[in-house]
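**Q** Here you go, one structure.
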Amino acid sequence: MFRCHFCQEITPPKTTRHNVVIEVREKRYASQKREFKRGGRRDFRDRDEPTPDRGGQGVEIMREVSSCPTCAVKQHDVKRFELETVAPAPDAAEPQNSEEHS
């Protein structure tokens, strides 16, 4: 049993709890040099090899809340609708060159 963050109702026992992400932030990971990488088997082929870690960028979760299944579906639909409206159309992304059509 838990209280849903969105509808503020206490759910009945054995109800699945869904985590809904509320806030995220962009994160950049620096490159690092890993000392060794181990293989899965323990025989003569299992040798330590130095491998570089290139780093990169991604998204970290800052805040997530518990919700009931119905509210989680609603929030998922809202976020999907927001992403579809914000994303530019594929036709508008490519500028047309007037010289090609002549």
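The values are calculated or read from the model by the stated rules, or taken from the named source; none is laboratory data. This one's a predicted model, so the numbers in the text were calculated from it and none came from an experiment.
**Q** State all residues of the stretch 33-89 that are of a type in the set (F, W, Y) and modelled with pLDDT of 60 or more; if no residue qualifies, say none. Steps first, please.
**A** First, pick out the residues of the stretch 33-89 that are of a type in the set (F, W, Y): 36, 44, 81.
Within the stretch 33-89, just F81 meets the criteria.
**Q** I'd like the full set of residues that are assigned to a strand (DSSP E or B) and aliphatic (A, V, I, L, M), limited to the stretch 1-23.
**A** I10, V20, V21, I22
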